[in-house]
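S.K.: Below is a structure I'd like to ask you about.
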2 protein chains.
Amino acid sequence: MNLKEEALKLHKENKGKLATKSKVEVKTKEDLSLVYTPGVAEVCKEIAANPKSVYDYTMKANSVAVVTDGSAVLGLGNIGAEASMPVMEGKCVLFKELADIDAFPICIKNQNDDEIINLVKNIAPVFGGINLEDIKAPRCFKIEEELLNIGIPVMHDDQHGTAIVVLAALINATKVVGKKIEDLKIVFNGAGAAGTAVAKLLLCLDVDQTICRKVKEIILCDSKGIIYDGREDLNEFKQRMSKITNPNNKEGTLKDALEGADVFIGVSKGDLLTADDLKVMNKDAIIFAMANPVPEIMPDEAEKVATIVGTGRSDFKNQINNSLAFPGVFRGALDAKATKINNEMKIAAAEAIASCVEPTKDNILPYTLDKNVVTKVAEAVAKMAKETGVCR
Amino acid sequence: MNLKEEALKLHKENKGKLATKSKVEVKTKEDLSLVYTPGVAEVCKEIAANPKSVYDYTMKANSVAVVTDGSAVLGLGNIGAEASMPVMEGKCVLFKELADIDAFPICIKNQNDDEIINLVKNIAPVFGGINLEDIKAPRCFKIEEELLNIGIPVMHDDQHGTAIVVLAALINATKVVGKKIEDLKIVFNGAGAAGTAVAKLLLCLDVDQTICRKVKEIILCDSKGIIYDGREDLNEFKQRMSKITNPNNKEGTLKDALEGADVFIGVSKGDLLTADDLKVMNKDAIIFAMANPVPEIMPDEAEKVATIVGTGRSDFKNQINNSLAFPGVFRGALDAKATKINNEMKIAAAEAIASCVEPTKDNILPYTLDKNVVTKVAEAVAKMAKETGVCR
């Protein structure tokens with residue numbers, strides 16, 4: 001059986017992947033009188049009198065909504081709420097299996113930004129955190145921004161999960177090749193959700209005293225080439241990025257941008273580059289070709305020139321995969337009673353992930369299903385949440 | 001330890017009552033490639049191409065949202081979304097334990113009808129059914145009405161769950177005292193969600209050829225007395241009820257209404273009646289005093305005059321409790337792939353519940369946690385859904 005047949009079979013036989021489970025017994029009338037009426041009324045009254053105790057007496061302290069509008073699902077595009085379900089259920093399963101978090105899919109049949117924002121605010125009482133997922137850029141930026149102060153951690157994983165894992169990969173890759181992050185010139189292809197968030201984290205906006213604050217130069221490219229201040233076809237969010245990247249305001253194509261670069265980060269379309277194109281990069285080039293399913297350049301081709309090559313795929317070495325970040329990040333945020341996930345917490349997560357392996361050029365990141373990673377990331381994130389004072 | 005202390009302890013020790021659970025293993029990279037990327041993309045594409053297959057490949061076929069705005073929680077009133085959580089989680093636990101349905105609480109921090117309606121429509125892709133819960137009358141009527149045609153079964157349990165169980169109780173109570181439902185004169189105290197729905201089901205609006213269609217006379221009372229056509233302080237929904245009940249357009253108090261009545265159904269405030277008040281009722285009176293936690297009249301007092309007495313409480317005989325209905329009703333609706341829950345299905349559920357016991361005056365209904373009830377109700381509801389042609 002091929003992958004498609006196996007995946008369809010697994011989903012059909014199990015009717016999806018997620019179920020609910022009772023944490024308490026309901027066998028006798030006495031059980032029922034505690035779990036449900038009349039005893040439950042006492043718990044309701046306690047929460048009504050002391051709203052914060054909802055975290056003590058309900059599932060809220062351990063629950064996360066995986067919220068999407070189905071507008072940018074994997075590489076499949078705008079396939080809508082129903083068709084996004086397998087991804088969101090899968091994500092909830094990973095939350096449970098890796099971090100013992102009770103996550104539930106909320107797939108929204110509506111792609112109006114304000115309605116999505118309101119919906120998330122309205123269902124927030126049930127959840128300890130919100131994982132936004134597969135919402136198309138630039139809409140995802142506004143939606144996340146408007147939800148950052150609702151009192152529970154909200155994170156758009158396509159942005160920040162990716163940013164954390166790429167930073168972790170970069171910490172270890174530079175260690176292997178003996179470069180410093182602050183000396184790097186980094187070129188991105190892709191200025192959507194992932195590209196923007198990775199660039200912002202590497203520039204450490206709003207963060208003091210961190211490992212990455214002095215990245216020397218970042219150039220973002222989109223399908224039309226280098227993003228520079230003054231380019232006329234930029235949307236609001238790319239305009240903002242044009243002000244904080246590309247310090248020499250270079251113009252041109254992706255290939256122009258690669259000249260003298262140390263790192264290439266691809267988070268858009270695949271099959272773009274050849275080994276020849278990489279020859280203009282600096283010695284010991286680092287290539288993270290993360291387009292899915294086809295990377296920007298295949299690893300065997302990239303390795304003709306580059307020293308370290310990573311992709312998003314599990315069938316090549318150096319897989320750069322969000323699953324290394326989100327379970328531990330939310331576990332740590334929930335454990336610390338954090339009200340948000342700030343950049344310091346993201347960087348702490350990246351450093352924790354990086355610390356899980358002694359890196360070599362073929363092994364810059366730990367194994368995706370390693371529960372030790374979740375534990376380390378959660379501890380680091382929780383510690384940083386407390387240090388930066390974002391806990392309730 | 002008293003009930004309050006025990007209930008608080010149970011909820012605190014378990015941090016609520018509901019959790020999620022994976023139905024599939026995620027131990028190896030191969031598992032991950034089927035449950036999540038890249039295999040999951042094939043399942044997404046299948047659903048995008050054939051939207052109905054969302055029922056085959058995801059949890060939707062077995063999931064129910066328990067939706068509230070916290071506006072009328074138990075007898076506690078408008079305590080809001082957070083404080084309603086223990087009830088909604090409890091309900092989800094009962095769905096799971098009694099009917100193996102994966103239910104999840106959606107507690108909405110918003111009491112605007114249109115926003116609630118939109119929200120439910122927007123999250124519907126995830127769910128195979130919607131259980132509306134503890135939404136205040138008359139708002140619950142409009143909200144439910146607007147959701148009846150969204151393609152999945154929607155039921156406001158405070159209305160229809162109560163109606164089903166009361167009808168079941170009445171079928172067996174009349175059997176015990178040797179009266180026919182069609183000859184009964186029934187007086188209600190309470191014309192909110194429960195009272196209205198019970199009355200409507202007993203009048204069998206829109207239903208042909210059923211056991212209950214000829215109930216002779218129903219009189220509804222609210223806190224101001226008998227509801228009659230022309231009473232000036234009636235809201236839209238009570239006005240509608242005034243046209244279809246009280247055929248002689250009687251005016252007066254609850255006590256006036258009881259004259260010559262066979263059945264009293266209390267679904268509002270407790271501690272209203274004495275044995276003396278019941279003396280004007282017909283012989284072999286049936287009293288369902290379901291106000292919680294204090295019944296309209298205590299059973300020992302009522303039994304001085306009445307033949308059959310039921311309450312909503314588990315510590316008295318003849319408990320009339322929604323838990324007998326909703327698990328089997330939704331199980332049957334999901335199993336039959338029903339797109340709605342019509343009156344015929346509700347009546348079939350009531351008859352199935354009634355059929356689970358050989359009734360005596362002290363035992364008109366089966367035990368709340370009897371799984372046999374769920375099975376019988378589910379079968380009857382599914383059969384009726386198919387017969388009435390409301391399946392997808």
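S.K.: Determine which single condition A:V177 fails, assuming it passes every other condition in (1) surrounded by 23 or more Cβ atoms within 10 Å (Cβ to Cβ); (2) under 15 Å from A:V309 (Cα atoms).
M.R.: Going through (1) surrounded by 23 or more Cβ atoms within 10 Å (Cβ to Cβ); (2) under 15 Å from A:V309 (Cα atoms) one by one, A:V177 breaks only (1).
S.K.: Continuing with this model, one more query. Conditions first: (1) at pLDDT below 95; (2) within 21 Å of B:L184 (Cβ to Cβ). B:D271 passes all but one, so which condition is the exception?
M.R.: Just one mismatch for B:D271, condition (2).
S.K.: Right, something else. Based on this model, can you work out whether B:I101 counts as β-branched (V, I, T) and more than 7 Å from chain A (Cβ to nearest Cβ)? Walk me through it before giving the result.
M.R.: On the way: β-branched (V, I, T): yes; more than 7 Å from chain A (Cβ to nearest Cβ): yes.
Considered against the rule, which asks whether it is β-branched (V, I, T) and more than 7 Å from chain A (Cβ to nearest Cβ), B:I101 comes out as yes.
S.K.: Applying the selection to segment A:137-155, what residues are hydrophobic (A, V, I, L, M, F, W, C) and either crowded, with 23+ Cβ neighbours inside 10 Å or part of a loop (DSSP other than H, G, I, E, B) (or both)?
M.R.: Within segment A:137-155, the subset hydrophobic (A, V, I, L, M, F, W, C) is A:137, A:140-141, A:143, A:147-148, A:150, A:152, A:154-155.
A:A137, A:C140, A:L148, A:I150, A:I152, A:V154, A:M155 - these are the residues of segment A:137-155 that are hydrophobic (A, V, I, L, M, F, W, C) and either crowded, with 23+ Cβ neighbours inside 10 Å or part of a loop (DSSP other than H, G, I, E, B) (or both).
S.K.: May I pose another question? Restricted to segment A:46-104, and to residues that are touching a His at 6+ places or on another chain (Cβ under 8 Å) and of a type in the set (S, T, Y), which residue is farthest from B:A48 (Cα to Cα)?
M.R.: A:Y57
S.K.: Still on this structure, I have one more. Check A:K361, A:K340 and return the single one that is in contact with a strand residue (DSSP E or B) (Cβ under 6 Å, 6 or more places away or on another chain), open to solvent by 10 Å² or more (accessible area, probe 1.4 Å) and in contact (Cβ under 8 Å) with a residue 40 or more places away in the chain. Break it down into steps so the answer makes sense when it comes.
M.R.: On the way: A:K340 fails: in contact with a strand residue (DSSP E or B) (Cβ under 6 Å, 6 or more places away or on another chain).
Just a single option satisfies the conditions, and that option is A:K361.
S.K.: With respect to A:E6, determine if the residue is part of a helix (DSSP H, G or I), at the interface with another protein chain (Cβ under 7 Å from one of its Cβ atoms), open to solvent by 50 Å² or more (accessible area, probe 1.4 Å) and over 30 Å from B:F316 (Cα atoms). Before the answer, list the steps.
M.R.: Numbers: part of a helix (DSSP H, G or I): yes; at the interface with another protein chain (Cβ under 7 Å from one of its Cβ atoms): yes; open to solvent by 50 Å² or more (accessible area, probe 1.4 Å): yes; over 30 Å from B:F316 (Cα atoms): yes.
Taking the combined requirement at face value, the residue satisfies it.
S.K.: OK, next. Can you go through A:P295, A:P366, A:P327 and tell me which one is surrounded by fewer than 24 Cβ atoms within 10 Å (Cβ to Cβ) and either of a type in the set (F, W, Y) or touching a residue at least 12 places away in the same chain (Cβ under 8 Å) (or both)? Let's see the steps before the verdict.
M.R.: Numbers: A:P295 fails: surrounded by fewer than 24 Cβ atoms within 10 Å (Cβ to Cβ); A:P327 fails: surrounded by fewer than 24 Cβ atoms within 10 Å (Cβ to Cβ).
Testing whether each residue is surrounded by fewer than 24 Cβ atoms within 10 Å (Cβ to Cβ) and either of a type in the set (F, W, Y) or touching a residue at least 12 places away in the same chain (Cβ under 8 Å) (or both) leaves just A:P366.
S.K.: I'd like the residue in segment A:71-84 that is at the interface with another protein chain (Cβ under 9 Å from one of its Cβ atoms) and touching a residue at least 60 places away in the same chain (Cβ under 8 Å) and, out of all such residues, is surrounded by the most Cβ atoms within 10 Å (Cβ to Cβ).
M.R.: Per the criteria, the residue is A:V73.
To keep it simple, each residue is scored yes or no on (1) more than 15 Å from the chain's Cα centre (by Cα); (2) part of a helix (DSSP H, G or I); (3) of a type in the set (A, V, I, L, M, F, W, C).
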site	(1), (2), (3)
B:R331	no, yes, no
B:I341	no, no, yes
B:A348	no, yes, yes
B:V357	yes, no, yes
B:Y367	yes, no, no
B:N372	yes, yes, no
B:T375	yes, yes, no
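S.K.: All but one of (1) facing chain A (nearest Cβ under 7 Å); (2) buried (at least 20 other Cβ atoms within 10 Å of the Cβ) hold for B:T68; state the number of the condition that does not hold.
M.R.: Failing condition for B:T68: (1).
S.K.: Just to be sure, is A:M88 away from chain B (no Cβ under 14 Å) and either surrounded by 24 or more Cβ atoms within 10 Å (Cβ to Cβ) or at positive phi (or both)? So that I can check it myself, show each step before the final result.
M.R.: On the way: away from chain B (no Cβ under 14 Å): no; either surrounded by 24 or more Cβ atoms within 10 Å (Cβ to Cβ) or at positive phi (or both): yes.
Judged against the criteria, A:M88 is not a match.
S.K.: While we're here: Please pick out the residue among B:T311, B:T274 that is touching a strand residue (DSSP E or B) at 6+ places or on another chain (Cβ under 6 Å) and on the phi < 0 side of the Ramachandran plot. Walk me through how you get there before you give the answer.
M.R.: Values: B:T274 fails: touching a strand residue (DSSP E or B) at 6+ places or on another chain (Cβ under 6 Å).
Exactly one of B:T311, B:T274 is touching a strand residue (DSSP E or B) at 6+ places or on another chain (Cβ under 6 Å) and on the phi < 0 side of the Ramachandran plot, namely B:T311.
S.K.: So how many residues does segment A:19-30 have that are among the polar types (S, T, N, Q) and more than 7 Å from chain B (Cβ to nearest Cβ)? Can you show your working first?
M.R.: Our first condition is that a residue be among the polar types (S, T, N, Q); within segment A:19-30, this holds for A:20, A:22, A:28.
The next check asks that each one be more than 7 Å from chain B (Cβ to nearest Cβ); those that pass are A:28.
Count: 1.
S.K.: I'd like the full set of residues that are among the β-branched types (V, I, T) and surrounded by 15 or more Cβ atoms within 10 Å (Cβ to Cβ), limited to segment A:251-271. I'd like the intermediate steps shown before the answer.
M.R.: Pass one, segment A:251-271, residues among the β-branched types (V, I, T): A:253, A:263, A:265, A:267.
If the condition is that a residue be among the β-branched types (V, I, T) and surrounded by 15 or more Cβ atoms within 10 Å (Cβ to Cβ), then A:V263, A:I265, A:V267 are the ones that fit.
S.K.: Condition first: farther than 23 Å from B:K12 by Cα and touching a strand residue (DSSP E or B) at 6+ places or on another chain (Cβ under 9 Å). Now tell me which residues in segment B:70-91 satisfy that.
M.R.: B:S71
S.K.: Out of curiosity, is A:I297 closer than 24 Å to A:T368 by Cβ, β-branched (V, I, T) and assigned to a strand (DSSP E or B)?
M.R.: Numbers: closer than 24 Å to A:T368 by Cβ: yes; β-branched (V, I, T): yes; assigned to a strand (DSSP E or B): no.
Judged against the criteria, A:I297 is not a match.
S.K.: Name the single residue that is nearest to the other protein chains (Cβ to nearest Cβ) among those in segment B:114-136 being open to solvent by 30 Å² or more (accessible area, probe 1.4 Å) and in contact (Cβ under 8 Å) with a residue 24 or more places away in the chain. Steps first, please.
M.R.: Step one: filter segment B:114-136 for residues open to solvent by 30 Å² or more (accessible area, probe 1.4 Å), giving B:114-115, B:118, B:121, B:136.
In the following step, the residues that additionally are in contact (Cβ under 8 Å) with a residue 24 or more places away in the chain were identified as B:121, B:136.
Working: B:K121: 7, B:K136: 15 Å.
Looking at residues that are open to solvent by 30 Å² or more (accessible area, probe 1.4 Å) and in contact (Cβ under 8 Å) with a residue 24 or more places away in the chain, I get B:K121.
S.K.: Being open to solvent by less than 10 Å² (accessible area, probe 1.4 Å) and more than 7 Å from every other protein chain (Cβ to nearest Cβ) is the filter here, so list the residues in segment B:31-58 that pass it. Even if it seems obvious, please write down each step before you answer.
M.R.: First, the residues of segment B:31-58 that are open to solvent by less than 10 Å² (accessible area, probe 1.4 Å): B:35, B:39-40, B:43-44, B:47, B:53-54, B:58.
Across segment B:31-58, the qualifying residue is only B:S53.
S.K.: Check A:I123, A:I117, A:I47, A:I101 and return the single one that is more than 19 Å from A:L148 (Cα to Cα) and over 18 Å from the mean Cα position of the chain (by Cα). Spell out the reasoning first.
M.R.: Working: A:I123 fails: more than 19 Å from A:L148 (Cα to Cα); A:I117 fails: more than 19 Å from A:L148 (Cα to Cα); A:I101 fails: over 18 Å from the mean Cα position of the chain (by Cα).
Within the list A:I123, A:I117, A:I47, A:I101, the selection yields A:I47.
The values are calculated or read from the model by the stated rules, or taken from the named source; none is laboratory data. This one's a predicted model, so the numbers in the text were calculated from it and none came from an experiment. FYI the Cβ positions are ideal-geometry reconstructions off the backbone, even for glycines, and counts take in every protein chain you see. Ligands, DNA and RNA are excluded from the accessible area calculation, which covers all protein heavy atoms including side chains. Shrake-Rupley method; radii C 1.70, N 1.55, O 1.52, S 1.80 Å.
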